[in-house]
Each structure stands twice: as C-alpha cells, then as structure tokens.
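Student: Got a structure for you, written out below as structure tokens; questions coming shortly.
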Amino acid sequence: MSEFSQRPPADDPRDRSLTAGLAADHRAIDGLFIEAQTAMEDGLPDGAHRALDRIWMRLAVHIRAEHKVVFPALAQGQPDLQTALQALREDHDFFMATLATAVQGLRGPSPDLTSARAAMEAVQLRLTAHNALEEDRIYPEADRLPGAERTWIIREVARELAFLPRRHEP
C-alpha cells in the first residue's frame, strides 16, 4: 500500500499536498523496479514476472487516479496545461502497453528475460522525465487549487490508490 493511501492525521501536511503523496507513490513504484531488476539479473523469470506484474498494477492504479481525478480538475481551469496533460496521457499508454507485453513475455515455457529487461528499461527511462514533469508542474498546480477542491482531490486520489488487486500483495 502506498504511503499516500494511508490516512495521515488531520494536521499532517500530506493531507494538504498532492505533490507529496503522489511523489511518495512514484518512489514506491521505483522500488518495485529494483525488485524486477534483481530477479532478472538472477535469471528468475517467475520473480521477474511477479515484480513486473506488480509494477503494472501499481502504475495502473496511479494512472487511474490521475485520469479520473487530477487531470480533469486541472484541465477545466487551466487550458495552458493541455499539451502537458496530453503528453502525460501518451506516456501512460506507452507504460501500460510496454509493461503488459513484458509481463506476457515472461509467461509460458520460454520466458524472454532479455526482451522483458529491455521493455522495463525503456519504461524506466521515460518514467523518469514523466515523473519529473508531474512532480514539478502538474501536482503543484493541483496543490494551488482552493482548499475544498484540493482536499477533495487528495481524498479521491487516496481512494483510487487503495484499490489494488489482491494479487498485488507481496
């Protein structure tokens, strides 16, 4: 479970900062990439499959929260963000498709660790710039929204991040 989805005390600054919560979720997902890389380096296709599937699930939940809550809230009042939001959506499509292909490539009698590693590295490379854009430009804009709207966004994002499939459990 992400740090963000754990309900902080009412006076905790995370309750007022989307940036802090979603950046913490980014770091948690980064940690899953380390697990996948270790499994691949050790030649463990089952472990790599499990780790990449967990990455795919965590990103799916994170992306869903952004698409359902954060992006629409910002798109309404800030047309200057449209280009950035569209680029982020395109990145999301790339991440999900690439990881799904890698996960599938690790199933069956001949798992392809080489292709899975290349896919994972491509996602990580693009994800670094993607996360920087979100953390430096997008989330701070949401944190500048009026109090009630910001609080609603933070709570809805937390609710979305809490919906992980059971198979995500380590």
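The values are calculated or read from the model by the stated rules, or taken from the named source; none is laboratory data. Bear in mind that the values here come from a model prediction, so they are computed numbers and not experimental data. Methodologically, a virtual Cβ is constructed for each residue, glycine included, from the backbone with ideal geometry; neighbour enumeration extends over all protein chains shown.
Student: If the requirement is being among the basic types (K, R) and out of contact with any Leu (no Cβ under 8 Å at 6 or more places or on another chain), which of these qualifies: R64, R58?
Tutor: R64
Student: Give A100, A48 a once-over and let me know the one that is out of contact with any Leu (no Cβ under 9 Å at 6 or more places or on another chain), outside any loop (DSSP other than H, G, I, E, B) and under 18 Å from F33 (Cβ atoms).
Tutor: Going through A100, A48 in turn, just one is out of contact with any Leu (no Cβ under 9 Å at 6 or more places or on another chain), outside any loop (DSSP other than H, G, I, E, B) and under 18 Å from F33 (Cβ atoms): A100.
Student: Only residues in the range 123-140 that are among the hydroxyl-bearing types (S, T, Y) count as the first member; pair them with residues that are surrounded by 15 or more Cβ atoms within 10 Å (Cβ to Cβ), Cβ under 8 angstrom, at least 6 apart or cross-chain, and list the lot.
Tutor: From residues that are among the hydroxyl-bearing types (S, T, Y), the pairs are Y139/L18; Y139/T19; Y139/L22; Y139/A23; Y139/V70.
Student: Further question on the same structure: Taking the options L127, L133, L145, L164, name whichever one is touching a Leu at 6+ places or on another chain (Cβ under 9 Å) and closer than 21 Å to M57 by Cα.
Tutor: So the residue among L127, L133, L145, L164 that is touching a Leu at 6+ places or on another chain (Cβ under 9 Å) and closer than 21 Å to M57 by Cα is L127.
Student: Moving on to the next point. Only one of R144, R107, R159, R150 is closer than 30 Å to H49 by Cα and more than 16 Å from the chain's Cα centre (by Cα); which?
Tutor: R107
Student: Hey, can you tell me all the residues within the range 141-159 that are over 25 Å from L32 (Cα atoms) and touching a helix residue (DSSP H, G or I) at 6+ places or on another chain (Cβ under 9 Å)?
Tutor: Across the range 141-159, the qualifying residues are E141, A142, D143, R144, L145, G147, E149, R150, T151, W152, I153.
Student: Spot the failing condition for G108; the list is (1) of a type outside the set (K, R); (2) surrounded by fewer than 15 Cβ atoms within 10 Å (Cβ to Cβ); (3) modelled with pLDDT of 95 or more, and only one is missed.
Tutor: Condition not satisfied by G108: (3).
Results for (1) touching a helix residue (DSSP H, G or I) at 6+ places or on another chain (Cβ under 6 Å); (2) part of a helix (DSSP H, G or I); (3) at pLDDT below 95; (4) among the aromatic types (F, W, Y), shown as yes or no for each residue.
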site	(1), (2), (3), (4)
S2	yes, no, yes, no
S5	yes, no, yes, no
P8	yes, no, yes, no
D11	no, no, yes, no
T19	yes, yes, no, no
Q37	no, yes, no, no
L85	yes, yes, no, no
L88	no, yes, no, no
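Student: Also: Among the candidates A158, A132, A102, single out the residue that is surrounded by fewer than 16 Cβ atoms within 10 Å (Cβ to Cβ) and either among the small types (G, A, S) or touching a Pro at 6+ places or on another chain (Cβ under 6 Å) (or both).
Tutor: A132
Student: Now for a separate question. Looking at (1) without any contact (Cβ under 8 Å) to a residue 60 or more places away in the chain; (2) crowded, with 19+ Cβ neighbours inside 10 Å, which is the one condition that is false for M40?
Tutor: Evaluating M40 over (1) without any contact (Cβ under 8 Å) to a residue 60 or more places away in the chain; (2) crowded, with 19+ Cβ neighbours inside 10 Å leaves (1) as the failure.
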